[in-house]
1. Any idea which residue in the range B:57-78 is modelled with the lowest pLDDT, counting only those that are within 14 Å of chain A (Cβ to nearest Cβ) and closer than 30 Å to residue B:223 by Cα?
2. Which members of the range B:170-191 meet the condition of being crowded, with 24+ Cβ neighbours inside 10 Å and touching a Pro at 6+ places or on another chain (Cβ under 7 Å)?
3. For the range B:129-140, state whether one or more residues are acidic (Asp, Glu), within 14 Å of chain A (Cβ to nearest Cβ) and touching a Phe, Trp or Tyr at 6+ places or on another chain (Cβ under 6 Å).
4. Specify which of the listed residues (A:107, A:117) is more than 17 Å from the chain's Cα centre (by Cα), assigned by TED's automatic domain parsing to the domain that holds residue A:49 and not polar (S, T, N, Q).
5. At negative phi, among the charged types (D, E, K, R) and within 14 Å of chain B (Cβ to nearest Cβ): does that describe residue A:363?
6. Just a yes or no: is a residue in the range A:66-75 modelled with pLDDT under 95 and more than 22 Å from the chain's Cα centre (by Cα)?
7. Which residue pairs have Cβ atoms under 8 Å apart, sit 6 or more places apart or on different chains, and have a first residue in the range B:15-35 that is at the interface with chain A (Cβ under 10 Å from one of its Cβ atoms) and a second that is part of a helix (DSSP H, G or I) and among the acidic types (Asp, Glu)?
8. Pick from A:102, A:192, A:112, A:183: which is closer than 24 Å to residue A:83 by Cβ, at pLDDT 95 or above and out of contact with any Pro (no Cβ under 6 Å at 6 or more places or on another chain)?
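The values are calculated or read from the model by the stated rules, or taken from the named source; none is laboratory data. The model shown is predicted, which means the values in this text are computed figures rather than measured ones. Here Cβ is always computed from backbone atoms with ideal geometry, including for glycine, and neighbour counts include all displayed protein chains.
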Amino acid sequence: MSPRTVTFAGVHVPLAFEVAAARAVAGLSRLVGAGGGTTVPGKLLSTLDPGAVDRLAARLPAGTATISATNGKTTTAAMAAEILRPRFRLAHNRSGANLLSGVASTLLAAGGAELGLLEVDEAALPEVIRRVHPRAVCLGNLFRDQLDRYGELELVAERWRAAVDALPRETVVVANADDPQVGDLPAQIHFGLDDPRVARPALQHAADSKYCVRCGTPYVYSAAYVGHLGDYRCGTCGHARPALDVAARAIELHGLERVSFDLQLPDATRHVELELPGLYNVYNAIGAAALTHALGASPDEIAAGLARFRAAFGRFERIAVGDKTLLLLLIKNPAGANEVVRTLVDGGAPHLAVVALNDAIADGRDVSWIWDVDFEPLLDGLDRLVASGDRAGELALRFKYGGLDEESIEVEPSLEHALDRGLELTPAGGELVVLPTYTAMLALQRIVAARGLAPPYWERAA
Amino acid sequence: MNVRVAHLYPDYLNIYADRGNIAVLVKRAAWRGHDLEVTAIDMRGPIDPGAYDLYYLGGGQDREQLLVAPDFAAKADPLREAVDGGAAVLAVCGGYQLLGRGYRGFHGEDMPGVGLLPLETVAGDRRMIGDVLIDTEMGPLAGFENHAGRTHLDPGAEPLGRVVSGFGNDGESGFEGCRMGRVVGTYLHGPLLPRNPRFADWLLAQALAHRTGGEPPELAPLDDELESEAHAVSSARARTRGGTY
C-alpha cells in the first residue's frame with residue numbers, strides 16, 4: 001500500500017460493501033441536486049480504499065483501455081465506444097469525469113461490463129494506468145492548457161514518458177505520430193493525417209512543440225494540420241514524424257456539417273463519413289480507429305461505428321429551443337478554440353455569438369489563454385457578441401482589442417441572461433452559436449435541462 | 001507620431017498571451033493618433049540601439065527560455081545602449097528573469113541574463129501560481145503569476161510594486177517586479193496591459209518621450225469602462241485566492 005492509503009477506521013472493508021456504500025452516495029448526490037453524482041461516489045471510494053480501483057478494473061473480463069489527450073479525449077472515447085458497443089458491454093466515463101475519482105465511479109456503476117473504456121485527464125494518466133493495468137493506451141496530443149493546473153507542457157510530456165516506459169510489453173500503445181512530443185513516445189501503432197491539401201499554410205500563433213524534442217532546432221513542417229500537429233522533420237538531427245500505421249487520406253471538409261475521409265488501417269482501407277465537422281474530429285476518429293483496431297475491432301465495425309457517431313456532450317451539440325437551435329461548442333484552450341473558430345468560419349461565420357468565460361479550477365483560473373486564441377477570423381462576420389461568464393469583462397476586452405467595435409459587444413456575466421439575450425437576437429428558425437468554457441458549458445446544460453429542453457447530462461451520460 | 005516597438009523572441013517567449021500586451025499598445029496608440037510599428041527580433045536578429053522606443057520581452061516555458069537565453073545575453077551591450085538612450089522596456093515573467101544577471105533553472109541549468117536589472121533568480125521547488133494584486137506608483141496592477149523562479153532584488157533596487165495579494169518576486173519579501181527608470185520587469189501576466197490601462201498608457205508615454213526626446217506626454221483619456229470592470233474582477237480574485245499554494 002502507498003503511504004497515502006487511508007484505512008477506514010483501521011478496518012479493511014470488503015469491496016462489495018464499499019461498492020454498495022459508494023453507489024448509495026451517487027444516488028444521494030443526485031437527490032440533493034449536487035449534480036450528476038459522477039465523481040462523488042468515486043471520491044468516497046478512493047478515499048476509503050485507493051486500491052479498490054485496481055480491483056474494480058481487474059474484474060472486467062476484457063480488460064480496460066485508456067484515452068488521454070489535451071484536446072478531443074471525450075470525443076475520441078465516445079467514438080471508440082460507438083465502435084465497440086456491438087462487441088462489448090462497456091464501462092465508459094462518458095460524461096467526462098476523467099480523474100481517478102471519475103474512473104472509480106464509472107467502474108463502480110458498471111456492473112456486468114466487459115471492457116473498461118476510460119477517458120483520462122492528462123495529469124491523472126500516470127496514476128490511472130498504474131492502477132487499472134490497461135491492455136491498450138491511446139495517446140492523442142499535448143497542447144498548452146491550463147498552465148496554472150498542469151504546469152508546463154514539457155512536464156506533462158515527461159510524466160507520460162515515464163508512465164509509458166513502465167507499461168508491460170503486452171500493453172498496446174497507440175500514439176498520435178503528428179504530435180512531436182507524443183509521436184516520440186514508444187508505441188506499437190502510430191496514427192496521423194496524410195493529406196497536405198487540407199494543411200494550413202503556416203503554424204498558428206500559439207503553436208506549441210515547434211522545436212525538435214531531441215535537439216531544439218525549429219521543425220520544418222511539410223504539412224501543419226491542427227496547431228503543431230502535422231508532418232514535421234528536424235533539419236539538424238533528422239528527428240521526424242514516425243511512419244503511419246493508421247492514416248486519414250482524401251479528406252473532404254463539408255463546412256459545419258460533416259467531414260469524410262479514407263481511413264487507412266494496417267490491413268484495409270475504408271471510406272468514412274463522419275457526421276461531425278472539422279479536421280480535429282478527423283484526428284479524434286483515427287485515434288478511435290487505431291485504438292479499437294488494437295482491441296480487435298474489424299475495419300467494417302470501425303467504419304460503421306464512426307458513421308453512426310453523433311456529437312459527444314457539449315462538443316458540437318445542437319439543442320432545439322422552440323423554433324431556434326443552440327449550437328454548443330466547448331472552448332478550453334488556444335488549440336481547441338482555434339479549430340472551433342476555423343470550423344465555424346468554414347461553415348459561414350456567424351453574425352451573433354455568445355461566448356462564456358469562467359475561471360473555476362476546471363476552466364483554468366488563468367484566463368490569459370483567450371489572448372492566444374485566433375478569434376479574429378470571426379470578427380468580419382460578427383455584428384454582435386454577448387460576452388458572458390465570471391470573466392465576461394476580460395473576454396469583452398479580448399474582442400475589443402482584437403478589433404471588434406465596442407458598440408457590438410454586450411457584457412452579460414449571468415449565463416442565463418446571456419442565453420436569453422442570444423436567443424432574443426436569433427431570428428426564428430435560426431441557430432445561436434454558443435462558445436462556453438467547461439464550467440460555463442455545464443451551467444448552460446443545467447439551464448437548458450431545467451427548462452425541459454434537454455435531459456440533464458448525467459442521464460444522457462448513463 | 002510613429003512609435004517603434006521591438007518584440008523580442010515572439011516565437012519563443014509567448015506563453016502567457018504576450019500578444020495581448022502588444023495589441024493593447026497598438027490600439028491605445030492608434031486611438032491617440034499614433035502609429036505603433038512592431039518589429040519582431042528573433043534568434044540572431046541584431047538590435048540597433050537607436051531604432052526602437054520600446055522593447056518587449058514575454059514569458060516562455062523553461063525549454064524555450066533556455067533556448068533564447070544565450071542569444072539574448074549576447075545582445076546585452078546594444079540593449080544597454082538603447083536603455084541608456086532612454087528607450088523603455090517591459091519584460092514579463094521569463095523575460096523579466098532574463099533582464100537580471102541570470103537564472104538557475106529547475107534542473108540546475110544556469111541561464112545567463114543581460115544584467116540590465118540588479119537582480120538574480122533561482123528556481124524553487126514549488127511554483128507560485130495565482131491571481132496577484134500589487135500597488136505601484138502607476139496605481140494598482142492586477143494580474144496572474146505562474147513561476148518557479150524566486151527573484152531576489154539587490155539591496156537598494158526598486159521593486160515595481162508592493163504585493164497586496166499574491167506571491168510576488170519570491171513569496172517572502174513583499175516585493176513584485178523591478179523598475180529602473182523606464183525599464184520594468186514583472187511576473188504579472190494575464191496579460192498585464194488590457195486590465196491595467198493606466199500602466200499601459202504610462203508605458204506608451206515613456207516610449208513617446210524617447211521618440212521625441214522630450215518629457216512623457218499627457219495622453220488623451222479613453223473610455224476604459226470595460227478595462228476597469230476587468231481590473232475590478234481580477235483584483236477581487238487576487239484578494240480572495242491569490243498567494244495560496
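1. Residue satisfying both the conditions and the ranking: B:59.
2. Taking the range B:170-191 as the starting set, the residues that turn out to be crowded, with 24+ Cβ neighbours inside 10 Å are B:176-178, B:184-191.
Once the filter is applied, which keeps residues that are crowded, with 24+ Cβ neighbours inside 10 Å and touching a Pro at 6+ places or on another chain (Cβ under 7 Å), the range B:170-191 yields B:176, B:177, B:178.
3. yes
4. Details: A:117 fails: more than 17 Å from the chain's Cα centre (by Cα).
Answer to the check: A:107.
5. Here the answer is yes, as residue A:363 does meet what is asked.
6. Checking the range A:66-75: not a single residue is modelled with pLDDT under 95 and more than 22 Å from the chain's Cα centre (by Cα).
7. From residues that are at the interface with chain A (Cβ under 10 Å from one of its Cβ atoms), the pairs are B:15/B:64; B:17/A:372; B:19/A:372; B:28/B:201.
8. Of the residues listed, the single one that is closer than 24 Å to residue A:83 by Cβ, at pLDDT 95 or above and out of contact with any Pro (no Cβ under 6 Å at 6 or more places or on another chain) is A:192.
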